[in-house]
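The next block holds one structure in the form of structure tokens; read it before the comments.
The values are calculated or read from the model by the stated rules, or taken from the named source; none is laboratory data. Bear in mind the structure is a predicted one, so any value in this text is a computation, not a measurement. Heads up, the Cβs are rebuilt from the backbone with ideal geometry, glycines too, and the neighbour counts pull from every protein chain shown. These accessible areas exclude ligands, DNA and RNA; they are computed on the full protein's heavy atoms, side chains included. Shrake-Rupley method; radii C 1.70, N 1.55, O 1.52, S 1.80 Å.
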Amino acid sequence: MPSPLLPITNPSSHHHHHAPSFDPASCPIAPSPPAPAAFVSKNGGSHDDPMVNLLISSPFDDEKAAAVRPLLSRTSSSASPPAASAAPSSGFQQQRRRRSASENSLSSMSDNGRHQSLGREVADAASETFVLTRLSLKLLRYLGVGYRWITRFLALGCYSLLLMPGFVQVGYYYFFSSQVRRGIVYGDLPRNRLDLYLPKNMDGPKPVVAFITGGAWIIGYKAWGSLLGQQLSERDIMVACIDYRNFPQVTIGDMVKDASQGISFVCNHIAEYGGDPNRVYLMGQSAGAHIAACALLEQAIKERGEGESTSWSVSQIKAYFGLSGGYNLLELVDYFHSRGLYRSLFLGIMEGEQSLQRFSPDLVAQDPNRRIAVSHLPPVILFHGTADYSIPSDASKNFAETLQRAGVQAEAILYKGKTHTDLFLQDPMRGDKDDMSEDLVGYIHAGDTEALAKDAVAPPRRRMVPECMLKLARAVSPF
């Protein structure tokens, strides 16, 4: 049975909230002290450490799929030019040979076309696999080889192995489904790409969720949103998973810029892909929820004349959904340190202690000088599990209360007993209908009578992982 919700007004209540009308790495745990300051490069330039160059300057940063050039066979006629004295029957046989050669050529080209299509898919899969491996190596560099993190990685290995049946299915969908448009370019910088998940039925403009994935600000990647993309596209909702550069290639300021540029692309170009520009929602998970909230607040402040010109507006966002996010870094820095995201490393990601307030959405919203800008934010809905030990659920509860005091329509929906990965991984892999997904869809389809009618008769999602394996995964999860 799905776990009940805890409304913000009464955390101990088990009353379920109804909508009114992975990524294991998404946990902000990334151990080990940072490399020297010279290691961090805002532009991803060269470094003295060859391993750093491998991790940062890989050509796969540009996410360019390997080009597979057509291999057209050179089919030549087997007949020689006829001699002047050739008999009429010789000309007839020449025509037969030419026709046969032409048919063989067409057949060869058709086969080549199929091979090329398969080759492109394999090349794309190899490219994505390389990126994932590189991100894992990058995380390992920061985790070090201490006993504590060896045990954590063993736990992570067991966790991933237990969920592997689900990961394989999601991976197959990501690489081979015709509903997924991978690697759409939204900017000129490395990793300025997004993946688009399209509903099967594109009979009209669809609501769109611009999603920023988690990854501890170090290993965020657009593919982490593939399970959510698959879920929502089945309910006639388009999803754009926005990629962004990570630390150490950049620090938090550039991550927010990347996210903002991706949001701008979705707001201004999604109609070209069948999306409804009047129904764009912003969502982030874990570190991605923090980055998305920073981008949204920064945009609201710019629109009040306190920054440069803008390419999108907060008025284009119908609502912001934050999933398991952290919004007050001053309160979280010591907690993260105790969990393994060491203070020195975290401050390096956040551009120093002096920048913690600037990149804390909760604190920015409390600033009296920003009150007018903050009041123009769209509705904010924050989802969080009460058993989340990576980012405590109080982070969402407190941020919602801050926004309410600033005049924003905001609420926190707390799910009793849910962990950092339950809402994003285990529950969706369990199949049927999970609480968070249903609440999310309910908000997006609020006021759309036809969509709500379809939701009421939507078939339950199929189970991806056996229940026993899900329970074991939860037990061994390092998050």
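Quick rundown of the values:
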item: Single residue of D422, D432, D448 found to be farther than 25 Å from I317 by Cβ and surrounded by fewer than 17 Cβ atoms within 10 Å (Cβ to Cβ); result: D432
item: Residue list for segment 196-228, restricted to those being over 15 Å from G274 (Cβ atoms) and not hydrophobic (A, V, I, L, M, F, W, C); result: T213, G214, G215, G220, Y221, K222, G225, S226
item: Qualifying residues in segment 180-204 (those that are part of a loop (DSSP other than H, G, I, E, B) and of a type in the set (K, R)) - the one most open to solvent (accessible area, probe 1.4 Å); result: K200
item: Yes/no for S390 being outside any loop (DSSP other than H, G, I, E, B) and among the hydroxyl-bearing types (S, T, Y); result: no
item: Condition check for V465: modelled with pLDDT of 95 or more, open to solvent by less than 20 Å² (accessible area, probe 1.4 Å), of a type in the set (A, V, I, L, M, F, W, C) and not in a helix (DSSP H, G or I); result: yes
item: Restricting segment 363-407 to residues that are of a type in the set (D, E) and open to solvent by less than 50 Å² (accessible area, probe 1.4 Å), the residue that is farthest from N278 (Cα to Cα); result: D388
